[in-house]
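The values are calculated or read from the model by the stated rules, or taken from the named source; none is laboratory data. From a predicted model like this one, the values you see are computed outputs, not experimental measurements. All Cβ positions, even for glycine, are placed from backbone atoms using ideal geometry, and neighbour counts span all protein chains on display. Accessible surface areas use protein heavy atoms only, side chains included; no ligands, DNA or RNA. Shrake-Rupley method; radii C 1.70, N 1.55, O 1.52, S 1.80 Å.
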Amino acid sequence: MKISARKNSRSEVKRRIFEIIDSMPEFETSNLLTGLEKWKQNNGKRKHPRKDAHFFALFQNDGLSFREHITNISESGLFIETNIPISVTNELFIQFIHPDSKNLINTNGKIVRMDSNGIGVKFDKPYTVPLDNS
């Protein structure tokens with residue numbers, strides 16, 4: 001679903017979302033609204049806002065090397081779209097070319113969460129090159 005949504009235009013994605021919401025019973029739309037408000041509140045509390053991203057990075061972990069897709073990034077971490085089974089407590093070496101600054105970034109991070117789409121990584125030190133929010 002995530003990959004196909006990226007291929008569609010923003011207006012097409014919105015149209016499809018509204019179509020789905022229109023077909024939902026009222027109690028489901030109320031639950032959806034509650035969930036969205038909670039999500040918005042939690043994202044508003046982030047020290048470093050996330051930015052959507054679409055680039056690949058190299059990762060090394062306990063002798064395992066892999067190349068995966070980054071879907072968002074902030075000064076404090078990133079999200080890796082992957083199904084590679086790694087432990088939540090694992091440290092990672094990460095290397096990528098930042099899409100805005102074009103700088104080669106070599107950093108370390110720790111896996112702080114996992115879900116069915118991938119893993120969230122917190123950098124050991126915040127990334128200090130300003131992110132372009134355009």
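Residues in the range 19-32 that are surrounded by 10 or more Cβ atoms within 10 Å (Cβ to Cβ) and more than 25 Å from Thr71 (Cβ to Cβ): 5 in all. When Lys110, Lys125 are checked against the criterion of being of a type outside the set (Asp, Glu) and modelled with pLDDT of 85 or more, a single residue qualifies: Lys110.
Within the range 68-80, not a single residue is at pLDDT below 80 and open to solvent by 20 Å² or more (accessible area, probe 1.4 Å).
Figure legend. Inter-residue proximity from the range 85-102: first residues part of a loop (DSSP other than H, G, I, E, B) and open to solvent by 50 Å² or more (accessible area, probe 1.4 Å), second residues at pLDDT 75 or above and among the acidic types (Asp, Glu), beta-carbon distance below 6 Å, spacing 6+ or different chains. No pairs are indicated.
For the range 109-119, a residue qualifies if it is free of Cβ contacts under 8 Å to residues at least 24 places away in the same chain and either surrounded by 14 or more Cβ atoms within 10 Å (Cβ to Cβ) or aromatic (Phe, Trp, Tyr) (or both), and exactly one does: Lys110. Of all residues in the range 48-64, which are open to solvent by 80 Å² or more (accessible area, probe 1.4 Å) and on the phi < 0 side of the Ramachandran plot? Answer for the range 48-64, where residues must be open to solvent by 80 Å² or more (accessible area, probe 1.4 Å) and on the phi < 0 side of the Ramachandran plot: Pro49, Arg50, Asp52, His54, Phe56, Leu58, Gln60. The single condition among (1) surrounded by 14 or more Cβ atoms within 10 Å (Cβ to Cβ); (2) part of a helix (DSSP H, G or I); (3) not small (Gly, Ala, Ser) that Arg16 does not satisfy is (1).
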